[in-house]
Amino acid sequence: METNKYNIMPTKDGFYGNYGGQFLPEELKAEFQRICDAFLFYKDDKDFNSELNNLLKHYAGRPSPVYYAKNLSSKYGAEIYLKREDLNHTGAHKINHSLGEALLAKKMGKTKLIAETGAGQHGVAIATAAAIMGLDCDIYMGALDIIKEKPNVERMKILGANIVSVESGTKTLKEAVDEAFVAYSKEYQTAMYAIGSAVGPHPFPMIIEHFQSVIGREARAQMLELAGALPDFVTACIGGGSNAIGIFSGFLEDESVQIFGVEPLGKGEKSGENAASMTYGKDGIIHGFKCRLLQDSDGHPANAYSVASGLDYPGVGPKHCYLNEIGRVKYDVISDKEAINAFYELSKTEGIIPALESSHAVAYGIKLAQKNPNKKILINLSGRGDKDIEFVLKQFA
Ligand SMILES: *Cc1c(COP(=O)(O)O)cnc(C)c1O
C-alpha cells in the first residue's frame, strides 16, 4: 500500500502528531468506538458508497464545477479558479458531511440526529439530511441565536427539525454545544451526534474529512482537465476546517502545490477581536480534542469573533494543527474589511455573491494573484452569500 507523506490518518487514539485525541466522559467511550468501527467498515462498503454517491450526485448536485474566473483573472494578472461549493443544495459544502453522517447514523440503526448550531448553517444542513434520510432531528440553539438567525430557524422548522432553545449562560453557541452533548449522553443508544466541522473527539475529525474529501478529489481532476495542470496555489477559509481539509486533502501529496488556510482576523489582533486560532492560539483542549485554541488569561476558551459567523470558533481541527506544525500548509489571516471588499469584488466582477466565510478565501486568493502573476490559483468557494445580504447591507452599504 502506498503511504502518504503528509495526508496521514490519525493514530488509533485519534492523534495527528500532538493534536486531536479523544477527551470524553468514560460512559461515552464505548459508543465512540462503535461509531469509529462502523465508519471504518462503511467507508469501504460498496452499498454505502453507492447510496451516498447517488445522493451527492442527484440530490446535492455534485460534482460542483471548477470555474475559471476570467474577469477576476485579467484584473489581477493570475489565473484564478473557483471550486463552486456554493452551487450545492443548501448553498454550501456542509451538505457533503451532513449526508455522510446521516447515512452512517441510519446504517448504525439510529433514529435521531442531535446537533448544535450557532448561525444556523450547520443546523439547516443536518435538518436537510435528516429529512431525506427519514431521521428525527433535535437542533440545540442558544436563545439569543434563535432570535438573531430567524430565517434559518424557520428553515429548520419547515424541514421538520425540533429546535431546542438553550437558555443558560450567554444563550449562544457555547451553551448550545454543552446542552446538546448532555442530551446526547442520555440518548446515544438511539441517537447520533452530528458534528458540524472537522473538530471534536476522535473519530469525528477523520469522519468529516473523509466526507469532505470529495471536494479535493473532484477539484484535482477538474484542474487537470480545465487548466491542463495542477494549481500552483490552493486556498480555503478556516472555521473548524472542514471545507479546507476537504479541498486540501486532494493536493497534500503534490509538493508543487502551495496550500494556504485563511483564518479570520476580524477587527484585529487583540483577544476577542478575531477567531484566528492557529495564528494567535496556544495548545489547549476544547470539546473533547486538543488543538490550537484561543484562550483567555486563565486558559479558558476565549470569545472568538469574525464578521462571518461560520468562522468564529476558538479552536481549529487537529489535522490542520498538524499540517501547520510540519509546515505543509501555511495559515494566514484576512480581516473583516478585506473580506467585505472581496464579497463585493467577486459579486461585481463575476456575478457570484460569495458567503462572508468564503469571502476570506477570495480575498486571500486576490492577494496571491497580485504577488504571483500568471500562476494558477484555486480558491474553495465554500458557500453562497444569500444568507449574508441583509447583514452586509445593514452594516456596510
Ligand atoms: C460553516 C461554513 C464555513 C466554516 O466551516 P469549516 O468547517 O471551516 O469549513 C465556511 N464557509 C461556509 C459557507 C460555511 O457555511
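The values are calculated or read from the model by the stated rules, or taken from the named source; none is laboratory data. Remember, it's a predicted structure, so these values are computed and weren't measured experimentally. Neighbour counts are summed over all protein chains in view; Cβ atoms, including those assigned to glycine, are modelled from backbone coordinates with ideal geometry. Each accessible area value is taken on the protein alone, full model and side chains, heavy atoms only, with ligands, DNA and RNA left out. Shrake-Rupley method; radii C 1.70, N 1.55, O 1.52, S 1.80 Å.
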task = Go over the candidates Ala78, Ala125 one by one and state the one that is of a type outside the set (S, T, N, Q) and not assigned by TED's automatic domain parsing to the domain that holds Asn243.
result = Ala125
inquiry  = Can you pull out every residue in segment 6-38 that is in a loop (DSSP other than H, G, I, E, B), over 18 Å from Glu209 (Cα atoms) and touching a Ser or Thr at 6+ places or on another chain (Cβ under 8 Å)?
reply    = Pro25
key: Sole exception among (1) out of contact with any Leu (no Cβ under 6 Å at 6 or more places or on another chain); (2) of a type outside the set (A, V, I, L, M); (3) open to solvent by 50 Å² or more (accessible area, probe 1.4 Å) for Tyr67, by number   = (1)
ask   = Residues in segment 293-327 that are in a helix (DSSP H, G or I) and either over 17 Å from the mean Cα position of the chain (by Cα) or within 19 Å of Thr11 (Cβ to Cβ) (or both): how many?
value = 8
query = Of all residues in segment 377-390 being within 14 Å of the ligand (Cβ to nearest atom) and open to solvent by 80 Å² or more (accessible area, probe 1.4 Å), which is nearest to Pro65 (Cα to Cα)?
reply = Arg384
task = Output yes when any residue across segment 272-287 is among the acidic types (Asp, Glu), touching a Ser or Thr at 6+ places or on another chain (Cβ under 7 Å) and either part of a strand (DSSP E or B) or in the same structural domain as Val199 (by TED's automatic domain parsing) (or both), and no when none is.
result = no
Residue identified as modelled with pLDDT under 95 and closer than 22 Å to Asn243 by Cα among Gly120, Gly61 = Gly120
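At pLDDT 95 or above and in contact with a Gly (Cβ under 7 Å, 6 or more places away or on another chain): which single residue out of Asn324, Asn274 fits that description?
Matching residue, one of Asn324, Asn274: Asn274.
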ask   = Looking only at segment 150-207, which residues are at pLDDT 95 or above and on the phi > 0 side of the Ramachandran plot?
value = Gly160, Gly200
ask   = Any idea which of (1) away from the ligand (no atom under 16 Å from the Cβ); (2) of a type in the set (A, V, I, L, M); (3) not in a helix (DSSP H, G or I) is the one Ala198 doesn't satisfy?
value = (1)
task = Give the residue, chosen from Lys106, Lys112, Lys94, Lys83, that is touching a residue at least 60 places away in the same chain (Cβ under 8 Å), more than 10 Å from the ligand (Cβ to nearest atom) and open to solvent by 20 Å² or more (accessible area, probe 1.4 Å).
result = Lys112
query = Among Leu311, Leu323, which is within 11 Å of the ligand (Cβ to nearest atom), in contact (Cβ under 8 Å) with a residue 40 or more places away in the chain, open to solvent by less than 10 Å² (accessible area, probe 1.4 Å) and of a type outside the set (D, E, K, R)?
reply = Leu311
inquiry  = Regarding segment 53-60, can at least one residue be identified that is within 16 Å of the ligand (Cβ to nearest atom) and within 18 Å of the chain's Cα centre (by Cα)?
reply    = yes
remark   = Of (1) touching a residue at least 40 places away in the same chain (Cβ under 8 Å); (2) within 16 Å of the ligand (Cβ to nearest atom); (3) among the small types (Gly, Ala, Ser), Ser213 satisfies every one except (1)
Identity of the residue in segment 115-138, crowded, with 24+ Cβ neighbours inside 10 Å and more than 15 Å from the ligand (Cβ to nearest atom), that ends up farthest from Gln212 (Cα to Cα) = Cys137
key: Selected residue (only one of Lys290, Lys367, Lys330 is farther than 26 Å from Asp232 by Cα and either touching a residue at least 40 places away in the same chain (Cβ under 8 Å) or in a helix (DSSP H, G or I) (or both))   = Lys290
ask   = Right, Phe260: aromatic (Phe, Trp, Tyr) and part of a helix (DSSP H, G or I) or not?
value = no
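For segment 251-267, how many residues meet the condition of being open to solvent by 10 Å² or more (accessible area, probe 1.4 Å) and touching a strand residue (DSSP E or B) at 6+ places or on another chain (Cβ under 8 Å)?
Matching residues across segment 251-267 total 4.
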